[in-house]
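See structure below.
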Amino acid sequence: AKGWKILVADRNADLRLLVRRSLEQRGFKVDDVDRAGLVVSQLERQPYDLVLLDINFDDGPGVEVLKALRRHEKLKDLPVFVMLDEDKNPPKREALLSWGADQFVGKYRGIGGIVDAVCQYLEEREQADG
């Protein structure tokens with residue numbers, strides 16, 4: 001990895017720590033926030049390559065955060081992966097697109113699945129760019 005920078009936004013402290021460690025082991029720079037209300041301000045502070053965004057926060061829905069990002073001049077093109085706990089009713093592709101999400105990652109697949117999805121996406125994007 002080329003020192004990509006990821007923001008992990010999730011209310012679950014254990015999950016944040018595990019994802020952060022796994023990504024750092026692969027050479028990513030990682031920051032994390034635990035509340036929906038902190039996501040946009042953190043992204044405004046410094047540039048990130050991708051956001052892992054939980055849909056369920058204690059202080060508000062992640063979908064609203066995502067919609068706010070898509071209305072934001074500087075952040076509207078930032079890749080966002082939406083994370084969900086359960087696979088019983090994962091969001092339909094149309095829903096993801098309407099929210100402005102780039103990809104859906106189920107937490108139930110484990111940390112490895114989340115990390116692999118991020119790596120794969122960024123590597124493919126890098127190859128596409130040059």
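Here are a few things to note about the model shown:
- From 54, 59, 77, residue being open to solvent by 20 Å² or more (accessible area, probe 1.4 Å), in contact (Cβ under 8 Å) with a residue 24 or more places away in the chain, over 14 Å from residue 4 (Cβ atoms) and acidic (Asp, Glu): 59
- Within the stretch 115-130, residues that are open to solvent by less than 100 Å² (accessible area, probe 1.4 Å) reach partners that are of a type in the set (Asp, Glu) with beta carbons closer than 9 Å, at six or more positions or on different chains, in the pairs 121/102; 122/49; 125/49.
- Candidate set: the stretch 1-40, residues that are basic (Lys, Arg) and either touching a helix residue (DSSP H, G or I) at 6+ places or on another chain (Cβ under 9 Å) or in contact (Cβ under 8 Å) with a residue 60 or more places away in the chain (or both); chosen: the one surrounded by the fewest Cβ atoms within 10 Å (Cβ to Cβ): 2
- Flag for residue 78 being closer than 23 Å to residue 129 by Cα and not small (Gly, Ala, Ser): yes
- Selected residue (criterion: nearest to the chain's Cα centre (by Cα)) from residues of the stretch 97-130 that are among the small types (Gly, Ala, Ser) and not in a helix (DSSP H, G or I): 101
The values are calculated or read from the model by the stated rules, or taken from the named source; none is laboratory data. Small disclaimer: the values here were computed from a predicted structure and weren't measured. Neighbour counts are summed over all protein chains in view; Cβ atoms, including those assigned to glycine, are modelled from backbone coordinates with ideal geometry. Note: accessible area is taken over every heavy atom of the protein model, side chains too, but ligands, DNA and RNA are not part of it. Shrake-Rupley method; radii C 1.70, N 1.55, O 1.52, S 1.80 Å.
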